[in-house]
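The values are calculated or read from the model by the stated rules, or taken from the named source; none is laboratory data. Every value quoted in this text rests on a predicted model; they were computed, and no experiment measured them. Backbone-built Cβ (ideal geometry, glycine too); neighbour counts: all protein chains shown. Surface accessibility is based on the protein's heavy atoms, side chains included, excluding ligands, DNA and RNA. Shrake-Rupley method; radii C 1.70, N 1.55, O 1.52, S 1.80 Å.
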Amino acid sequence: MNVTTTTGDHKVRVWTLVSLIIGSTIGTGIFALPQNAGSVAGPGAMLIGWCIAGVGMLSIAFVFQILAVRKPYLDSGVYSYVRAGLGDFVGFASAWGYWLGSVIAQVGYATLFFSTLGHYVPLFSADNRWTSAIAVSLLTWLIFLGLTRGIRQAALMNVVTTVAKLLPILVFVVLVAFLGFSWDRLTLDLWAEDGGVGSVMDQIKGMMLFTVWTFIGVEGASVYSKQARTRNDVGRATVIGFTAVLALLVTVATLSYGVLSREELAALPDNAMAGVLEAVVGSWGGALISFGLCLSVLGAYVSWQMLCAEPIALMAYDGLLPKRLGKANSAGAPIYAQLVSTIVIQLSVIVFFVNETTYVSMVQLATMMYLLPYIFSAFYLVLLATRGRGVTHPHAGERFDDSGPEISGRDNTRHLVVGAIATVYSLWLFYAADPTYLLFGALLVIPGFVPYIWTRVRAGERIFNTFEWVIVVLIIVGAVTAVYGLSVGSLTL
């Protein structure tokens, strides 16, 4: 298969791909960015953090784009690369983590939506958390009922939500840049020497997970490969789209430090962009940003709840979970996968609202779960570039590593560099993360052992090989530590 050949079936041009990448990457994270950044870093460390994130996340985007070229037959989502390179269980754990990250993100989106709405409607204020919890639950089950009938977002909805996200952001940039930005205020406490956020290195580490959250979805660029005229178009679109998103994020964060001090930014609510613009032009600016955020979240909530079911359905289809979970109804919807996802979203709503978990905590936990397929996919690319195959094969009869297009020595070297940068960056993110989220992440993987082991036993297959046992032991140790921390009160979200 010559993956760089232009065919008549591929109609999507570079700028269409760029718009798709920008639309899928810009989400709710940018609306909370001023507060997120201000809570952990001064403007100097914030800019260093973005430089590291820019290189790191671009390398991750290219990992998925390169793997799409090298392994065009692996089409079960990003987890299929992990499974091909590191075996069934690690592939399963990555998909399970990605799924739970999506579930937690759903609750985070809802929390941000109702905290914003509560600023204008007292019924949904922070003092009435259970009102918001009930509203989130009703919304979740109504969407489930719609999805079981095969309902999908119309193109008009996608256009409206994209404009709802980008228009107020662009208005924010223009108004703040010309009416409220002060260079003296930005540089007054460049390295946060006032204290409260630690050393510059601590500040950079604190920025890391927030920067990843704002880029969640960048791996979706590889999905568009099949729609492109050429694979080279995908590479160009990835660079252009990613650069545009990075420039927008850095601009919003930097301008915010030129309007309010770091302490003032840290004290803003989750919809921090509204607070910054309100400080510049008055209450109507905050209302504009809030309106755009609410439309954006509502539009995204439907599609994300639909996407939450995909990892479950794909794993069932690939034989890593019971086949029934991948079964579709007459309308073509994966009814059982959607039901399981909706139930888990509902349980998460109860758990997070009972514990009064903040949006920031949910963001960091979800990001930790998303990192699993990132780091393992990057490692798989390193293995392909150095030894031509992964560590272990799920099934002897499946050719996961020795088929695909011919790769020149020069391209292989380039792939190795990209994979190495992405691997080091992903490992840095784990190092930078609060250990609490690592331990809770391990605890969340444990329930997945039950359906995975049950499926393996029924299929008469070996449950874990030696390499997988090492991973299992590490997960169990992390989970036990989390349980102990919860029992003695040393760990909490």
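Assorted remarks:
- Leading residue at positive end of dipole, the chain (Cβ point charges), from V302, A253, A110: V302
- Full extension of the segment from E461 to A267, taken as 0.36 nm per residue of separation minus the current Cα-Cα distance, would add 64.5 nm.
- T358 paired with L416, simple spin-label distance in nm, labels 7 Å along Cα-to-beta-carbon: 4.5 nm
- Ligands, DNA and RNA left out, the accessible area of the range 18-488 computed with a 1.4 Å probe is 68% carbon and sulfur.
- Most to least accessible of S408, S132 (protein chains only, probe 1.4 Å): S408, S132
- Additional length obtainable on full extension of the chain from L188 to L474, 0.36 nm per residue less Cα span: 98.4 nm
- Of the residues V239, Y425, L123, the one whose Cα sits farthest toward the positive end of the charge dipole of the chain, with +1 on the Cβ of Lys and Arg and -1 on the Cβ of Asp and Glu, is V239.
- Unit charges at the beta carbon, dipole of the range 18-488: most positive-side option, G23, P451, L170: P451
- Taking the Cα centre of the chain as origin and assigning +1 to Lys and Arg Cβ atoms and -1 to Asp and Glu Cβ atoms, the resulting dipole is close to 1580 debye.
- Net charge contributed by nearby residues that have their C-beta within less than 12 Å of F89 (K/R +1, D/E -1): 0
- Loop sites in the range 104-137: chymotrypsin sites (Phe, Trp or Tyr not before Pro), DSSP, at most 14 other Cβ within 10 Å: Y120
- Cross-link pairs exceeding 31 Å between alpha carbons, from the set K71/K205; K71/K327; K165/K205: K71/K205.
- Protein heavy-atom accessible surface, 1.4 Å probe, per residue over the range 18-488: 40 Å².
- Counted residue by residue at 0.36 nm each, then reduced by the alpha carbon distance between them, the extension gain from D202 to D434 reaches 82.4 nm.
- The distance between label points at V351 and Y317 comes to 2.7 nm (points 7 Å beyond Cα on the Cα→Cβ vector).
- Sites R389 and A126 - FRET efficiency at Förster radius 56 Å, r taken between beta-carbons, to 0.05: 0.60
- Trypsin sites (Lys or Arg not before Pro) within the range 13-101: DSSP coil, no more than 15 neighbouring Cβ in 10 Å: R13
- Between T243 and S19, the modelled label-to-label distance comes to 2.0 nm, taking each label 7 Å out from Cα in the direction of the beta carbon.
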